[in-house]
1. Along the Cα→Cβ direction, 7 angstrom out, place labels at ALA34 and LEU167. What is the inter-label distance in nm?
2. Rounded, prolate or oblate: which fits the range 98-190 when a ≥ b ≥ c are the square roots of the eigenvalues of the alpha-carbon gyration tensor, with rounded for a/c under 1.5 and prolate only if a/b beats b/c?
3. For the range 222-235, take each phi angle, set θ = phi - 60°, evaluate the Karplus expression 6.51 cos²θ - 1.76 cosθ + 1.60, and give the result in whole Hz per residue in order, putting x for glycine and proline.
4. Applying the Karplus parametrisation 6.51 cos²θ - 1.76 cosθ + 1.60 with θ = phi - 60° to the phi angles of the range 209-215, what ³J(HN,Hα) value in whole Hz is obtained for each residue in order, glycine and proline being reported as x?
5. Run the simple label-point estimate for HIS113 and LEU269 please: 7 Å along Cα→C-beta, distance reported in nm.
6. Could you give the nm distance between label points at ASP19 and SER197, where each point is 7 Å from its Cα heading toward the beta carbon?
7. Straight-line reach only, C-alpha to C-alpha below 17 angstrom: list the aspartates and glutamates that LYS100 could link to, leaving out same-chain residues fewer than 8 apart.
8. Going by Cα centres, the range 153-205 and the range 111-144 are how many Å apart?
Amino acid sequence: TAGEFQGILQVLASDNDNDAVLAIFIPPVVAGTAAMEDAIRRVAPIFWRHGKPLLACFLGHRGFKAKLGSSGKFVPCYPFPEEAVAALAKAVEYAELRRKPKGMIPRIRGIKHARARRIIEVAMTRSIERPLWLSAKEIAELLGCYGIRLVETVVARTATEAVASALKVGFPVAVKLASSTIVHKTDVGGVMLDINSKSEVKRAFNHIQARLAKSGRQHEMEGVTVQRMVRGGIETIAGVTQDPTFGPIIMFGSGGIYAELIKDVALKLHPLTDLDARELVSSIKMAKLFEGYRGSPPRCKVPRSNKPREHGSRRGESMFFQGINMEKNYFDIQPFGKLFYIGEDYFC
């Protein structure tokens, strides 16, 4: 009966062993809901005095003619329990968010804002095409403005230049397609790794050229980039984009060729505080790898490794004035704090 329903709710309101109550009622076919609505309305003030949330679910009923509660206060009602629980979970998350320490936005010295803006301005004026992808040289200069180390990279237009570049960088090297129009270089056979000799460099250059010719895209090849081979790290992905509603959003996650497949990423709003950076790095599923997992060597202590993401936040702050986004930017985390940028996909 409605009286029994009310009595049970009164007991639950005073019980310190629960934090919230969801009252579920399945209306019988032959009876209405008015009596139960009145019972919930009468017991609601007891819940408010105890500072305890009360939710109602009249199964299958999407609305009520009578409001549950009193003037200025109400009991939220849902047609199904799943919706009520989901709403309560969001309220709990919001309360936890408000209680969290806010942290501080770090002041990072040595950032060359003016130089970075100039690089972007020049890049955006050289072509009216959008999106406009930055060249390997522009990427290296831009990252240098923010203190991000780049794996030694040389652009070569011919096979002979590629060999000379490999000798300069030092074997082993990675040979990658240089193209302003082809974004996913692996998909077209444009990435050759662990190259250890001059003859292998030539073969790698010719292989990339032949693969593009086979697909009728040889005209999109601008040469290759020759990079020193980096081993033993963990590939991660970082990105920044401009959301029309929330503004700059920073992304961090697991990288590599399966990044889009795994989709192990986390997002934060700009600007990042020191606590935001720690949470962003530690919140992805693969974060355990950073401190070592099943015999693999530790790469870094996540709570102390804020610098890469904080730099990313500052870099995003400068670039958004120019309308530039970062997408699919791969970083390799080496043991204890060594961070190398190994990708080359920036666009305006």
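1. Spacing of the two 7 Å Cα→Cβ label points: 9.7 nm.
2. prolate
3. 9, x, 9, 10, 10, 10, 5, 6, 10, 10, x, x, 10, 6
4. 4, 5, 5, 5, 4, 5, 9
5. 2.1 nm
6. Taking the simple label geometry, ASP19 and SER197 are separated by 6.5 nm.
7. Answer for LYS100, where 17 Å is the Cα cut-off: ASP274, ASP276, GLU279, listed by chain and number.
8. Here the answer is 23 Å between Cα centres.
Read-outs: derived from the displayed coordinates by stated rules, not from any lab. Predicted model, so just to flag it, every value in this text is computed and none were measured. Note that each Cβ is placed from the backbone with ideal geometry, even for glycine, and that neighbours are counted across all protein chains shown.
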